[in-house]
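To start, the structure itself, in structure tokens.
Every read-out reported here was derived from the displayed coordinates using simple, explicitly stated rules and does not represent laboratory data. Only a predicted model underlies this, so the values are computations on that prediction, with no experimental measurement involved. Don't worry about glycine lacking a Cβ; one is built from the backbone with ideal geometry, like all the others, and counts go over all protein chains shown.
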Amino acid sequence: MTSSNKHPRAPWRNFYGRIHGKTLNQAQKDYLDEDLEALSPGAVNWQDNPERTPIDMAQRFHGKPVWLEIGFGGGEHLVHMGARYPEVDIIGCEPFINGVAMLLGKIRRLGTQNVAVHPGDVRDLFDVLPDGSIDRAFLLYPDPWPKKRHHRRRFVTPEYLAPLHRVLKPGSIFRVATDIPDYVRQTLEEVPKAGFEWLAEGADDWRKPWGDWISTRYEQKALREGRVPHYMTFRRL
């Protein structure tokens, strides 16, 4: 457990989870050193923006619709959506630096041009995103925090959902995928309370993936181990 901020004016925010994994190889270190800074969505960190001045979205993203993926893992879905929707810019937020390095490798190999990266706590990003500036959001296989006493660490809690609701445009879509039944339960309890409408009309609406879905390595592992994916679509009211 660490604080996500080190600036003296920053609020104390507990951050649970890994930031570093196994030692990065030289190529991954080069991606971080050479590519990451240019992909920043703007001044997000407290050290760079202690006044929490909102990002100028029109200037940074040239008036394009902006989507947000919260916790992109190794980046498979992020680069897939970037290639499928070149008319959109997508911000990926991920505190696990090994995952960030994996994404940067994919971006370099594929030449992806419409992805921005915040390598840190999404709450810091929420601080500086203007109201109604995000057109779509994704929460895909988030950390399940399976122990009951840890459920408050999950994303689907008011601490995260309230600012997400603020930054999303009215009517925009929020997609959640998970293979953890209790995470499904908490999602269906908490997300509607935060100002979202679940769009499912029948069982197939949560059993079948979205038409533009790409199955990630994590999902393939879940399927091999007999866990059932759930695909939930919400609309921001």
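Worth a mention:
- FRET efficiency for D33 and A83, using Cβ-Cβ distance with R0 set to 22 Å, rounded to 0.05: 0.30
- Shape call, the range 69-131: gyration tensor on alpha carbons, a/c limit 1.5: oblate
- Using the Cβ-Cβ distance between D182 and R224 with R0 = 25 Å, the FRET efficiency computed as 1/(1 + (r/R0)^6) comes to roughly 0.75.
- The chain - share of DSSP beta bridges that are antiparallel (%, nearest 5): 40 percent
- Relative contact order (%) - criterion: Cα under 8 Å, at least six apart; region: the range 84-237: 23 percent
- Two-site label geometry, D205 and D56: point separation in nm, points 7 Å out along Cα→Cβ: 4.2 nm
- Dipole-positive endmost among G74, T157, I90 within the chain (Cβ charges, Cα centre): T157
- Charged-residue dipole, Cβ positions (Lys, Arg, Asp, Glu), the range 97-237 about Cα centre, Debye nearest 20: 440 debye
- Given [x] 61, 47, 34; [y] 65, 55, 35; [z] 46, 39, 36, the label whose value is Cα extents along the principal axes in Å derived from this model: [z]
- Selection from L36, P170, V228, by position along the positive dipole direction of the chain (Cβ): V228
- Helical mean residue ellipticity (222 nm; -39500 (n - 2.57) per DSSP H run of 4+; nearest 500) of the chain: -9500 deg cm²/dmol
- Note that the range 58-65 has calculated 3J(HN,Hα) couplings of 5, 6, 6, 10, 6, x, 7, x Hz, one per residue in order, obtained from phi through the Karplus relation 6.51 cos²θ - 1.76 cosθ + 1.60 (θ = phi - 60°); glycine and proline are x.
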